[in-house]
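See below for the structure under consideration.
The values are calculated or read from the model by the stated rules, or taken from the named source; none is laboratory data. None of these values were measured; they are calculated from a predicted model. When we count neighbours, we look across all protein chains shown, and the Cβ atoms used for this are built from the backbone with ideal geometry, even at glycine.
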Amino acid sequence: MQNLVTVTNLVKTYGTAPNEVHALCGASLEIRAGEVLVLMGPSGSGKTTLISILGGILTATSGSVQIAGREIVGLPEKELPKIRKDLFGFIFQGFNLFPALTAQENVAIMCKLKGVKNPNAAAKELLESVGLGSKLRSYPSDLSGGQKQRVAIARALAGDPQIILADEPTAALDSVSGRNVLEIMSGLARNRNRAVVIVTHDPRVLEYCDRIIHIEDGRVGHEEVRNNLEAVA
Amino acid sequence: MNILAWKNLLHDRVRLVVTLTGIVFALVLIAVQFGMFLGFLDTSANIVEHNTADLWISAPGIPHVNGGSPIAESKRWKAMQVPGVANAVSFTLFFLNWKLPNGAFESCQIAGFDLDSGMGAPWDIVAGNIEDLRGEDTVFVDDLYKKKLGVTKIGDTLELNSKRARVVGFTHGIRSFTTAPYVFTSFKNAQTYMRLRESETVFILVRTKPGADLQQVKAGLLAAVPGVEVFTRQEMLSRTQNYWVFGTGAGTTTLMGAILGLLVGIVVVAQTIYAATIDHLKEFGTLKAMGATNGQIYQVIILQSILAAVMGYALGISIALFVVNSTTNTDLLIKLPWQVAIGIFGLTLFMCMSASLLSIRKATTIDPAMVFRG
């Protein structure tokens, strides 16, 4: 299985001495295409900081993050939006849909941002792929939590990014909706060979993942291999 | 991205109403206050503006056109001999008492003009024939002041400075800046009403020959006619406007009102547009996290403010026009020429866009990592 992301000795420090806080203290890991990787750990362990740096949203203090062979640590601030746009799809705990836009418009705006041709048609196709073909004109306020998260998944898939970063995607969902969302996400990895990275506390996620990396005190702790990752590899 | 600007604006109806109310309030305030200021400028010196004379000869040191005092009419003959003068006629403008049918008195200003030259004649005549003013005791009044002067129709007879005055015609819209309306009559009748001697006038109006140099003629008049002051039309206009509009404080107050309207407008619009942007801060954070550039965020915010400006302007200018039209038949003139209407559109765009620029900084300095903090 191909390494898509290589993180080496990543450090992130907030503030200055003597009040500095070390959110990440030399974290190293690899993310592979076609896998569902779960980052687990207690609150404050550095999971969100790690996913933010991986996604080019936050800059690291030191270390290296190579995505498809390209180093992103140390890139000028103005180059980061393009990295985020071209390589990543984001899924958030709070969905972060635009309330004024319909489901189709929410996805289409991202397709347009990513330069997808015929964004409305692409958005329709993506929503159909997550089972929301009948909700194209619905506003987020008219959708259930599970449906909102599926719209968010469709939006994350706009432009067909190589890596999906999801922050607690099932935290706000009931068990049925949560499983439904996880099935879609693991399908992305299996069927479309995308890397799916999930930050979560939710034990329901574990049965859908290939690897679990435990983050403790800003460091990569032990790693568990689940499912048939070795066979896939 | 344009759809986000449009739908963000329309989605929350309450927010939209609040935003538009702020813009409309500011705009109507500015349009009406500035329109009143323009109206003051117009009414304060309309008697000069509509007069076709090129030069005005008066007693020295008059503060404004309504403050003239008698001079010898014989000076007119001296004026006629100055090179470049085509015609010189007598004209009066003076405050007199008008007796109402119930015995009360109202102040008015009598404008006595030369019927042959037409210099100083009334304009916008809506009833009657100007030639009827050749008859004795005949006057024209403005129909906006019918009630004030106790006049109902042509043929009504009242008293002007204790002498009979028969209404033979009406004008429409010749407003007075003071509370004393204009009453037009022939110069000869005016002399009688004012109890001037036959040898006296208040002004001598001069029309120059085609191609004559106005300043040269003015200098010639000053040299040839002793004991007078000579004004070009523009000089008399400015002196009168400055006195009434700025000297009395009325215009300054109105202009200050317009400026305050502008400041209040900027604050109200800034506050509403700023609040509208802050309400969508999380969405802008999401856009940034997903790869939108600051330029794309600017585009959404500025477009949102332009749309709000256009909608607010359409509503605000309609209300302002309604207010302007509703004063058509009153003695208050509010002017809203198309140039001002266009200027106000530019101002509305400026207000909304500057307000949005205040919030742009807030929106573009958002830490995109906020999206992972729920």
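Observations
- Scanning segment B:92-122 for residues that are closer than 17 Å to B:R197 by Cα and of a type in the set (G, A, S) returns B:A111, B:G112.
- Residues located in segment B:258-283, provided they are within 31 Å of the chain's Cα centre (by Cα) and within 16 Å of B:I302 (Cβ to Cβ): B:V269, B:A270
- Test: residue in segment B:13-33 that is within 14 Å of another protein chain (Cβ to nearest Cβ), aliphatic (A, V, I, L, M) and under 30 Å from B:A341 (Cα atoms): yes
- Residue in segment B:40-47 that is assigned to a strand (DSSP E or B) and modelled with pLDDT of 90 or more present: no
- Complete set of residues in segment A:176-211 that are farther than 18 Å from A:A158 by Cα and assigned to a loop (DSSP other than H, G, I, E, B): A:T200, A:H201, A:D202, A:C209, A:D210
- Number of positions in segment B:211-225 that are free of Cβ contacts under 8 Å to residues at least 60 places away in the same chain and in a loop (DSSP other than H, G, I, E, B): 1
- Only strands (runs of 3 or more DSSP E) whose full extent lies in segment B:102-177 are considered here, and the ones with at least 2 residues that are buried (at least 21 other Cβ atoms within 10 Å of the Cβ) are B:105-113, B:138-142, B:163-171.
- Selection from segment A:1-31 of residues that are closer than 30 Å to A:N193 by Cα and outside any strand (DSSP E or B): A:M1, A:Q2
- Residue within segment B:81-94 that is outside any strand (DSSP E or B) and loosely packed, with under 15 Cβ neighbours inside 10 Å present: yes
- Among (1) over 19 Å from the mean Cα position of the chain (by Cα); (2) within 11 Å of chain B (Cβ to nearest Cβ) - the single one A:S52 does not satisfy: (1)
- Residues satisfying the stated conditions in segment B:271-293, i.e. at the interface with another protein chain (Cβ under 7 Å from one of its Cβ atoms), assigned to a helix (DSSP H, G or I) and farther than 11 Å from B:A363 by Cβ: B:T286, B:A289
- Helices (runs of 4 or more DSSP H) (entirely within segment A:68-172) containing at least 2 residues that are within 10 Å of chain B (Cβ to nearest Cβ) and in contact with a Phe, Trp or Tyr (Cβ under 9 Å, 6 or more places away or on another chain): A:103-113, A:145-156
- Filter pass, A:A189 being within 12 Å of chain B (Cβ to nearest Cβ) and crowded, with 22+ Cβ neighbours inside 10 Å: no
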